[in-house]
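Peer 1: One structure, as structure tokens, below. Some questions next.
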Amino acid sequence: MQELTKQELLLIKGGISGALINSIARLIDNLLEVGRSFGSGLRRIIAGRSCPL
């Protein structure tokens, strides 16, 4: 394996990897799930259908 010089290392350009796309998709999915849970909880509280603690 050949070592790269500092100049060659500066010329390397990366693209969008599958891991990055996967993490963004998971983030969006998690945000949607949090919003769904918050909305359901809020609706139960407003309707008075929450269980007493």
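Peer 1: When Lys and Arg each count +1 and Asp and Glu each count -1, what net charge do the other residues less than 12 Å away from residue 40, Cβ to Cβ, add up to? Let's see the in-between values first.
Peer 2: On the way: positive: 36, 43, 44, 49; negative: 33.
Result for the local shell: +3.
Peer 1: With only Lys, Arg, Asp and Glu charged, each at its Cβ (+1 for the first two, -1 for the last two), find how big the charge dipole of the chain is about the Cα centre; round to the nearest 20 debye.
Peer 2: Working: 7 positive and 4 negative charges, 95 e Å.
With only Lys, Arg, Asp and Glu charged at Cβ, the dipole is about 460 debye.
Peer 1: Provide the gained length on full extension for the span residue 47 to residue 17, in nm with one decimal, where the gain is 0.36 nm per separating residue minus the Cα-Cα distance.
Peer 2: Numbers: separation 30, 0.36 × 30 = 10.80 nm, distance 4.55 nm.
Contour length minus the Cα-Cα distance gives 6.3 nm.
Peer 1: Report the semi-axes of the equivalent ellipsoid for the chain in whole Å, largest first, where each axis is √(5λ) for an eigenvalue λ of the Cα gyration tensor. The partial results should precede the final answer.
Peer 2: On the way: eigenvalues 516, 18, 13 Å².
They are 51, 9, 8 Å, listed largest first.
Peer 1: Another one. Do any GluC sites (Glu not before Pro) in the chain lie in a DSSP loop with no more than 14 other beta carbon atoms within 10 Å, and if so, which? Mind showing how you got there, number by number?
Peer 2: Numbers: sites: 3, 8, 33; in loops: 3.
Sparse-neighbourhood loop GluC sites (Glu not before Pro): 3.
Peer 1: Let me have the 222 nm mean residue ellipticity of the chain computed from DSSP H runs of 4+ only, each contributing -39500 (n - 2.57), with the sum over all residues rounded to the nearest 500. Let's see the in-between values first.
Peer 2: Values: 2 runs with 35 residues, N = 53.
Helix contribution divided over all residues of the chain: -22500 deg cm²/dmol.
Peer 1: Work from the charge dipole of the chain (Cβ charges, +1 for Lys and Arg, -1 for Asp and Glu, about the Cα centre) and give the residue of 35, 4, 51 farthest towards its positive end.
Peer 2: 51
Taken together, the values in this text are just the output of simple stated rules run on the coordinates, not laboratory data. Just so it is clear, the model here is predicted, and its values are computed rather than measured. Backbone-built Cβ (ideal geometry, glycine too); neighbour counts: all protein chains shown.
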